[in-house]
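Here's the structure we're looking at; comments come further down.
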Amino acid sequence: QVPEFGVMLLVLIPSPYVDASACWAFPSKWRRMAVGAGGMLFEWVLASSAALVWLSADQGSDLKQVAYNIMFTSSVSTVLFNANPLMRFDGYYMLADLLEVPNLAQRSNKMLMYFMQKYVYRLKNLTPPSSLPSEVAILYVYGVLSGLYRVFLFFSITLYILGKAF
């Protein structure tokens, strides 16, 4: 079931969304990942169709400009937002299912906080979010990469909007 769908603004660009949280009840992680990939596949088909229209439209026509905007928006938003596992959109949930690490973002933040408390503040008697060495590595790497990406994205979006506004 899809209880909610609509359009949201990402960096002032309209982007469609669908609440597909009902797929979490699927027993197979591969089926859950297929549902997550469905939105990205739709955007890539939309971008490909717009590319074909763009190639065949007359130079300087409004249709060519609209097709270019659809092609660019669908492809770039998919790569920067939906497919990117460092943000909590489709790519994130697909990565969490693939790695079989539930609550990846929250637990990675807790792991980074644990390391800060242990090595910077030198607190004792702390309990780590995970004791499995492989999971500790996954949580640490994901936490650092997602934090760096959020900072990069914040400055990129801010500079983009400032460039457009001023």
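The values are calculated or read from the model by the stated rules, or taken from the named source; none is laboratory data. Because the structure is a prediction, the values reported are computed rather than measured. Neighbour counts are summed over all protein chains in view; Cβ atoms, including those assigned to glycine, are modelled from backbone coordinates with ideal geometry. All accessible areas refer to the heavy atoms of the entire protein, side chains included, with ligands and DNA or RNA removed. Shrake-Rupley method; radii C 1.70, N 1.55, O 1.52, S 1.80 Å.
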**Fill in**
F26 passes all but one of the listed conditions (1) within 25 Å of N103 (Cβ to Cβ); (2) surrounded by 14 or more Cβ atoms within 10 Å (Cβ to Cβ); (3) at pLDDT 95 or above; the exception is number (3)
**Prompt:** How many residues are free of Cβ contacts under 8 Å to residues at least 60 places away in the same chain, under 27 Å from V35 (Cβ atoms) and open to solvent by less than 60 Å² (accessible area, probe 1.4 Å) when one looks only at the stretch 95-123?
**Reply:** 7
**Request:** Find the residue count for the stretch 15-42, including only residues that are within 13 Å of F81 (Cα to Cα) and of a type outside the set (S, T, Y).
**Result:** 5
**Complete:** Within the stretch 4-23, the count of residues that are under 30 Å from L63 (Cβ atoms), open to solvent by less than 60 Å² (accessible area, probe 1.4 Å) and modelled with pLDDT of 85 or more comes to 1
**Restricting the stretch 124-153 to residues that are polar (S, T, N, Q) and assigned to a helix (DSSP H, G or I), the residue that is surrounded by the fewest Cβ atoms within 10 Å (Cβ to Cβ)** = S134
**Message:** Six or more apart or on different chains, Cβ atoms under 6 Å: show the pairs whose first residue is in the stretch 13-38 and part of a helix (DSSP H, G or I) and whose second is surrounded by 11 or more Cβ atoms within 10 Å (Cβ to Cβ) and β-branched (V, I, T).
**Reply:** C23/V35
**Message:** As an exercise: evaluate G60 against (1) at pLDDT below 90; (2) surrounded by fewer than 14 Cβ atoms within 10 Å (Cβ to Cβ) and give the number of the one condition it does not meet.
**Reply:** (1)
**Complete:** Of (1) free of Cβ contacts under 8 Å to residues at least 40 places away in the same chain; (2) within 28 Å of V136 (Cβ to Cβ), A50 satisfies every one except (2)
**Asked** Does A50 satisfy the condition of being open to solvent by less than 100 Å² (accessible area, probe 1.4 Å) and out of contact with any helix residue (DSSP H, G or I) (no Cβ under 6 Å at 6 or more places or on another chain)?
**Response** no
**Asked** With respect to S156, is the statement that it is part of a helix (DSSP H, G or I), within 25 Å of R32 (Cβ to Cβ), out of contact with any Asp or Glu (no Cβ under 8 Å at 6 or more places or on another chain) and open to solvent by less than 70 Å² (accessible area, probe 1.4 Å) true?
**Response** no
**Prompt:** Does the stretch 53-65 include one or more residues that are among the small types (G, A, S) and either closer than 25 Å to N84 by Cβ or touching a residue at least 12 places away in the same chain (Cβ under 8 Å) (or both)?
**Reply:** no
